[in-house]
Amino acid sequence: MSEPLDIDQARRRFLIMTAARWVPVGVTSPVIILVLLERGLTLTQIASIWAIGTVATFALELPTSGLADTYGRRPVLLAANLLSAAAWLGFALAHSWVGFLLAIVTMSVGRALASGPLEAWFVDAAHAHDPDAP
């Protein structure tokens, strides 16, 4: 196994990985809304899809954290990325409210899977360097 990262290296990697996960979401959200409008959904339907996706992410945050402890962080992060890719494919192929709902729920599961392992890795990396780190 390699030497533990110092706190600055761990923080830099954590910030890069967090930005790589969330910046595309923020950049593409307005475009996705326009695509959904173009494909015939109303603003009410779009809002309901987004609300259901948010609730699904919130509901799965705690249960999915245990998966990282059970199966390891890398496999769970890999599964999260695969689900995110499947969700984007679902968005590309969907043309109905149900299709977009399935895509956003898939994306929500991926987001819930991704959040815990990355933060846990950063905490472990910080504590490996300095056991008293906050």
Apart from one, (1) in contact (Cβ under 8 Å) with a residue 60 or more places away in the chain; (2) open to solvent by less than 80 Å² (accessible area, probe 1.4 Å) all hold for Met17; the odd one out is (2)
What is the one condition in (1) open to solvent by less than 60 Å² (accessible area, probe 1.4 Å); (2) within 23 Å of Ala128 (Cα to Cα); (3) aliphatic (A, V, I, L, M) that Val25 does not satisfy? (2)
Go through the residues of the range 35-44 one by one and say whether even a single one is closer than 14 Å to Ala114 by Cα and in contact (Cβ under 8 Å) with a residue 40 or more places away in the chain. no
Taking the range 39-77 and keeping residues under 20 Å from Leu102 (Cα atoms) and under 14 Å from the mean Cα position of the chain (by Cα) leaves Gly53, Thr54, Val55, Ala56, Thr57, Phe58, Ala59, Leu60, Glu61, Thr64
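The values are calculated or read from the model by the stated rules, or taken from the named source; none is laboratory data. What you see is a predicted model; the values in this text were computed from it and never measured. Cβ: placed from backbone, ideal geometry, glycine included. Neighbour counts: every protein chain shown. Note: areas computed on protein heavy atoms with side chains; ligands, DNA, RNA excluded. Shrake-Rupley method; radii C 1.70, N 1.55, O 1.52, S 1.80 Å.
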